[in-house]
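Here, each number is a calculation from the coordinates, and none is a lab measurement. Quick caveat, the model's predicted, so the values are computed rather than measured. Here Cβ is always computed from backbone atoms with ideal geometry, including for glycine, and neighbour counts include all displayed protein chains.
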Amino acid sequence: MMALTTGQGTQFYTLDPDSQTFLLTNDNVQITPDTAEFAINMSNQRFWEAPMQTYIADLLLGKIYPREQSFNMRWIAAMVGDVHRVLCRGGIFTYPTDNKNPAKPFKLRLMYEANPMAMLVEQAGGKASTGYETILDIQPTEIHQRVAVILGSANEVDTCLSYHGIDYSEEPAID
């Protein structure tokens, strides 16, 4: 299966083994705005910034206050697979800032990991951020530039960003 966008929505194509061609199987992929699934590498939890620590702790509390909703964690440990699941079922994928190696606080590359996935997700109605800025708004400064990634179901991304003190739930007013 291949996910594709040309800036006019996200589509899925599936390889037909008989004809050896990709057939359009979903011409309007839409990520549900709400979710009960998240994907994150929990083994790095002790290295995350406080806002992400608190956000994930609240997800793990389930129906206990404050979220009052049970969440399932799914983690394939391959961004493409995790984002594909988000495109198919909704969810939030994050590889947040951490201090495991202070010289490299981010894992994923902007130009060939974060940007392509952010474009697919946003074209499917989701959102993508570093926790502090929209991924697609970042002007690259080097080819292997790394960034934090939070992407997926729009309402859940907004909730995660609120832990970082950012409110992207409303579009800025245009003067």
Inset, instruction - Please report Ser43, Ser162 as a ranked list, fewest other C-beta atoms within 10 angstrom at the top and most at the bottom. - result: Ser43, Ser162
Inset, instruction - List the equivalent ellipsoid semi-axes of the chain in whole Å, largest first, each obtained as the square root of 5λ for an eigenvalue λ of the Cα gyration tensor. - result: 26, 19, 17
Inset, instruction - Measure nothing fancy, just the Cα-based angle from helix 154-163's long axis to the longest principal axis of the chain, in degrees from 0 to 90, nearest 10. - result: 20
Inset, instruction - Per DSSP H run of at least 4 residues, take -39500 (n - 2.57); add these up for the chain, divide by its residues and hand me the 222 nm value, nearest 500 deg cm²/dmol. - result: -7000 deg cm²/dmol
Legend entry - Sequence of Leu151, Leu120, Leu24, Leu108 once ranked by neighbouring C-beta atoms within 10 Å, starting from the fewest: Leu24, Leu108, Leu120, Leu151
Legend entry - Sparse-neighbourhood loop sites, trypsin sites (Lys or Arg not before Pro) in the stretch 86-175 - DSSP loop, at most 15 other Cβ within 10 angstrom: Lys100
Inset, instruction - Report, in degrees rounded to the nearest 10, the 0 to 90 angle that the Cα long axis of helix 79-89 makes with the longest principal axis of the chain. - result: 80
